[in-house]
Structures are given as C-alpha cells and as structure tokens.
Amino acid sequence: MRLVPLLLTLTLTLAGCQSTMQRIADCKTGDWRAIGQKDGAAGEKAAFAERKDFCDDHTAPAADAPARYADGWTAGNADFWSSRGNSDGRNALQLSAGWESRAASEEVRKKGTPPSRAAYEAGWTQGNSAHWEDLGRKDGTSGQPLTAREGARSQAAAANIRYDDSAYGAGWQAGNRTFWEDAGYSDARSGVPDSEFKARAAKARAAGVQVQEDVYRTAWNAELINYWRKLGTQDATSGKEFGVRKREAQQRGLKVLERDYIDAWERRLADYWRQAGEQDGFGQPYQLEARVANASRDGVFVIHNSRALYKEAWTARNAQYCTPANAFEWGRTSQPMAIEVCQPPLQGMLQRAYLNGGEYTQVRIRYERANDRADDFQRRVRDERRRMERAERDIRAERERKDKPPSDETIRRLEAERRDAEGDMRRAERERDEARRSADRHYREMDALRLP
C-alpha cells in the first residue's frame, strides 16, 4: 500500500527535475523574452526577480533583461487567454459566459493568472469565425445551398452568439467544391459517363446549389484513368476482352481510355505468368505448354513475353528447390520431394541428401535413447554410491558404539550390503559408460550425415 505515494513522489520529483533542467537551459541561452513568454503562456504571474535569482547561479542576466522578460510575459499571457478564448469560440460558447467561466476556473485561481479579457475576446472571435467556417464547409460538402446560411444565422440568434456570415460563406464555398469533386470521383469510379453531369447540374440548380462544372470534370477525368486501369487488371485473369469493354462503354457514352486499360492488363498478365512460373518451379514440372493450352479455360491471356516470364521464374525457383539442403531437410522430416523435376546432373546428389536426412532422423532417435540410458545409469550409480556410503557409516557406528560391544553379526551383514552396493554401482558405471560410448558413436554418425 505504501508503493502508491512512493511512486507519486518519484514521478513528481522526475517532473520537477526535468522542469529545473529546462529552466537551466533557458538561463544559459540568455533569451529573457522567451523565458517571460513561457511563464506567461503557462498562466504564471510575472516573476522576473525569482527567475533572475535562479539564473544567477548559471549566467549573469543582461542589463535589459527585465524589459525583455516583461515583453515576453505580456505576449505569453495574451497567448494563454487567447488560446482559451479560441477554444470557447470554436465550441460556440457565449462570449461573456465563456470569459466568466475561464476567469473563475480552478486553473486561474491556483496560479493567480492575471486576467486579459482583450486577449480572450480576440481569441474567442477567431474561434467563433472558425466555428461558422466549419459549419459552412459541412453544409457545402453535403450539397446544401448557400441559403442554408439563414439556418446558421438563426442558430446564432437562438444561442445569443456572434454570427460570422463571411466565415460561413468561405467554408461553404470550400465545401461546395468538395461536393462536386466527390461527385466527379464517384461517377467515374462507377463508370458513369460525364454526360450525366447535366442531370446532376440541373438537380443542383433546382435545389439552389451552386454548380462547379470545371471541378466536377477535373475529378471525373482523373478518376476515369483508375477506372480503366482497374478493369484492365480484373479482365486480365477473368477472360474478358477489351473489345467487349469498349463496346459496353460506347453504348453508355463513356469515354474509352484504351492505353491505360492495356497497360494495366499487360502488367497483371506479366505478374500472372511470373507467379505461375514461381509456383510450378518449387517442386512442380515445367508446365508452360500445358498452361498456355489451358489459358482460355483458366480465363487468362497469353501475351508476347508470357513464355519468357514463366521460364525465367520457373528456372530461378527450381534452382532454389533443388538444393542438397532442401533435400536433406525434407528427408529429415519425412516429407516427399519431387527430385525428378531437378536437373539430371543434380538428382543423384539430391537423392543421397534426401536419404541422409531420413537416416539422420533414425540415428538421432538412437542417439537420444543412448543419452537417456546413460542418464538412467548415472542416477543408478548415485543411488548405489549413497547405499554403499550409508553401509560404511553404519559399520563405523557399530564398531565405535560405547553402550555395548560391537555385534559381529551386524557388521558382517552391513559389510555384505556394502559389497552388494559397490558391485551394483560398478555394474551401473559400466552400463553408463557403454551408453555414453554408444551416444558418442551415434553423434559422430549424425555429423557424417549432416551436410558440410
């Protein structure tokens, strides 16, 4: 339970240490305006004398330090109140109510922050304008007419706060531009011809919404490129031909971007044939001709460099597959390996590596069993040694007892037990040593089977 106050004390100490280090750094820079600005922006009272006493241990203040500190503190204090006014203005709080709440806040009372209503009001005015600009942008983006400003004006009157019609209008203009950009992107993304703009524009004018045709068409033209590229990518592996797409587009009155479609179509097919080669190359035979013959069935196309791409990818991947390391590992884990797909000169070496991997697993099992036997016999050696030592202690105790003469019969029995324990211990040692030699032999076999 005592850890909580300890941790809190440590945290506060570290925070204080960091604050002190920062103050020392400020002293060394000698920028008294910055020092004053930090104090003012933090809501602190002007305290040049205290800062000077602190800085005297690190650097001597210049003669004009008091005036520079005062200038900085005044600016910082204005920033303190302006930032809070800005926040209240953005949140559509009333000016007077916001000021009174801030001036009476715990933060201000605790620090004794000198008030600056002028700075608060300046910040509040900026925040209030930002509030109406944001609302105008929201209305414009959602396709509302500029006359929606009257609703905003009514909101301001109901809340008894300042209404900035200029800020609302600027925000609405930006939002209206976004509205038409989104419309252009959306239509092009869905393959809607730009002739549909007329219907959009008529609907907008009927609703009193400003029309920005150039914005719409710029966005539509930019997104149409992506539309045709996407179709080309899809069609390359779905069997649909460009001629079909072109006719469909022309029937709808949609602009055709053949070059963008073909470029995307060819890139996707190049990726397909490269990936097919890589897939077949790792343990599969060379299947180029079969893939070419089945291309139509599989919904793909054969292009001018399909064979070259497949062959290059298959060859590289086959070389990665047909390695002694792979053969050994698959043999070790009892996984099948298609050695027949590898180059004939490599097949004998790979077959030996595969068999070595399988044999390695069997030898490792024997090695681990031999190690286990050696451990068992070592435990038996310790047990028999303890039994022998216990018998020897009992013999000494019997011979050294003072309460009555030693019993010859007892001594003979204990000596027989000691001899039995020693004999069992020696036999266990021999068995242990034999198991260890066997384990060493198997380990050398494993070394021989491992790849160099």
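Checked against (1) in contact (Cβ under 8 Å) with a residue 40 or more places away in the chain; (2) surrounded by 15 or more Cβ atoms within 10 Å (Cβ to Cβ); (3) in a helix (DSSP H, G or I), T147 passes all but condition (2). I'd like the residue in region 402-452 that is surrounded by 12 or more Cβ atoms within 10 Å (Cβ to Cβ) and not in a helix (DSSP H, G or I) and, out of all such residues, is modelled with the lowest pLDDT. Restricting to residues being surrounded by 12 or more Cβ atoms within 10 Å (Cβ to Cβ) and not in a helix (DSSP H, G or I), the top hit is L451.
Inspect all residues belonging to region 175-185 and state whether any of them is assigned by TED's automatic domain parsing to the domain that holds N226, part of a helix (DSSP H, G or I) and of a type in the set (V, I, T).
yes
Residues are listed down the side, and each one gets a yes or a no for (1) closer than 19 Å to S238 by Cα; (2) surrounded by 16 or more Cβ atoms within 10 Å (Cβ to Cβ); (3) modelled with pLDDT of 95 or more; (4) among the aliphatic types (A, V, I, L, M):
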| site | (1), (2), (3), (4) |
| --- | --- |
| P285 | no, no, yes, no |
| S296 | yes, no, no, no |
| S306 | yes, yes, yes, no |
| Q320 | no, no, yes, no |
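Tell me, yes or no, whether region 258-269 has at least one residue that is more than 30 Å from E181 (Cα to Cα) and either part of a helix (DSSP H, G or I) or in contact (Cβ under 8 Å) with a residue 12 or more places away in the chain (or both). Taking every residue of region 258-269 in turn, at least one turns out to be more than 30 Å from E181 (Cα to Cα) and either part of a helix (DSSP H, G or I) or in contact (Cβ under 8 Å) with a residue 12 or more places away in the chain (or both).
Checking region 369-379 against the condition returns no match, with no residue being in contact (Cβ under 8 Å) with a residue 60 or more places away in the chain, of a type in the set (F, W, Y) and out of contact with any His (no Cβ under 8 Å at 6 or more places or on another chain). Residue check: L346 meets all listed conditions (1) among the aliphatic types (A, V, I, L, M); (2) touching a residue at least 60 places away in the same chain (Cβ under 8 Å); (3) surrounded by fewer than 20 Cβ atoms within 10 Å (Cβ to Cβ) but one, namely (2). Any residue that is under 42 Å from the mean Cα position of the chain (by Cα) and either more than 24 Å from A42 (Cβ to Cβ) or touching a residue at least 40 places away in the same chain (Cβ under 8 Å) (or both) - is there at least one of those in region 101-109? Yes, some residue in region 101-109 is under 42 Å from the mean Cα position of the chain (by Cα) and either more than 24 Å from A42 (Cβ to Cβ) or touching a residue at least 40 places away in the same chain (Cβ under 8 Å) (or both). Within region 349-377, being crowded, with 16+ Cβ neighbours inside 10 Å and aliphatic (A, V, I, L, M) holds for L350, A353, V363, A370, A374. The single condition from (1) crowded, with 17+ Cβ neighbours inside 10 Å; (2) of a type in the set (D, E); (3) over 27 Å from G299 (Cα atoms); (4) at pLDDT 95 or above that D260 fails is (3). Every listed requirement among (1) of a type in the set (K, R); (2) surrounded by fewer than 18 Cβ atoms within 10 Å (Cβ to Cβ); (3) within 23 Å of A201 (Cα to Cα) is met by R162 save one, (3).
The values are calculated or read from the model by the stated rules, or taken from the named source; none is laboratory data. In this text the structure is predicted, and so the values were computed from the model without any measurement. All Cβ positions, glycine included, derive from the backbone under ideal geometry; neighbour counts span all protein chains shown.
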